[in-house]
Amino acid sequence: ELERLSHEKATIQFERWKQAEEQDIRTDAVRRSQSVTRGRITECLIPFFPDFPYNPKDARFLGTPVDFIVFDGLSDGEEVNEVAFIEIKTGKAANLSKRERAVRECIREGRVTYSTIHQSFDETDNQLRGMNIK
């Protein structure tokens, strides 16, 4: 009888604890989700902030694995001064992810190429006929 009562009491205490913690867990999840959403929105808007060092017209949002590629000078119609890969970090996020670090190292090491892909289609059957990468 004592064992059964102990079990019932433990079950009741566990259920109370679970209900109290569940609300805290849900509140924390909502807070984190809002934080992530604010961060993603901010990332998209960064080129329009006054201290963004490039012309917003030159910035192209990717989101992943880098946030922006900037073709500095492109909107002026003259020459492109540089191509800049930009990662935005907001809030407490300061460290790059493993994938972001891999991209950064690839760029730093100069393992970057430019290719033109020319795709041709046969107009009679609309089938892919060949892809040339130069």
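The values are calculated or read from the model by the stated rules, or taken from the named source; none is laboratory data. No experiment lies behind these values; they were computed from the predicted model shown. Every residue, glycine as well, gets a Cβ built from its backbone with ideal geometry; the counts of neighbours run over all protein chains shown. Each accessible area value is taken on the protein alone, full model and side chains, heavy atoms only, with ligands, DNA and RNA left out. Shrake-Rupley method; radii C 1.70, N 1.55, O 1.52, S 1.80 Å.
For a quick check of your reading of the filter: which GluC sites (Glu not before Pro) in the stretch 1-72 sit in a DSSP loop and have no more than 13 other Cβ atoms within 10 Å?
Working: sites: 1, 3, 8, 15, 21, 22, 43; in loops: 1.
Here the GluC sites (Glu not before Pro) that fit, given the DSSP loop and packing criteria, are 1.
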Nitroxide proxy distance, nm - points 7 Å out along Cα→Cβ at residue 119 and residue 25
4.6
Relative to the present Cα-Cα distance, how much length would full extension add between residue 55 and residue 90 at 0.36 nm per residue of separation?
10.6 nm
Sequence order, the stretch 60-66: Karplus ³J(HN,Hα) from phi using 6.51 cos²θ - 1.76 cosθ + 1.60, θ = phi - 60°, Hz rounded, Gly and Pro as x, gives 10, 7, 10, x, 7, x, 10
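Just to confirm, what accessible area per residue do you get for the chain at 1.4 Å probe, in whole Å²? Walk me through the numbers on the way to the answer.
Numbers: 11250 Å² over 134 residues.
With all protein chains present, the chain gives 84 Å² per residue.
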Between residue 102 and residue 42, what is the label-point separation in nm under the 7 Å Cα-to-beta-carbon projection?
2.7
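Given a 1.4 angstrom probe, I'd like the percentage of the accessible area of the chain that is carbon and sulfur, rounded to a whole number. Before the final figure, lay out each step's value.
On the way: 6060 of 11250 Å².
Within the chain, the accessible surface is 54 percent carbon and sulfur.
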Selected from 113, 27, 42 as most flexible by GNM, with the chain as the system and alpha-carbon contacts under 10 Å:
113
What residues have an amide H closer than 5 Å to that of residue 81, excluding those fewer than 5 places away on the same chain, when H is modeled at 1.01 Å from N in the peptide plane?
72, 73, 74
Share of alpha-carbon pairs per 5 Å distance bin for the chain, given as whole %:
2, 8, 10, 11, 11, 10, 8, 8, 7, 6, 5, 4, 3, 3, 2, 1, 1, 0
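Check each of the GluC sites (Glu not before Pro) in the stretch 88-117 and keep only those in coil by DSSP with at most 11 other C-beta atoms within 10 angstrom; list them in order.
On the way: sites: 100, 105, 109; in loops: 109.
Qualifying residues, ordered by number: 109.
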In the stretch 59-119, chymotrypsin sites (Phe, Trp or Tyr not before Pro) in a DSSP loop with at most 12 other beta-carbon atoms within 10 Å:
114
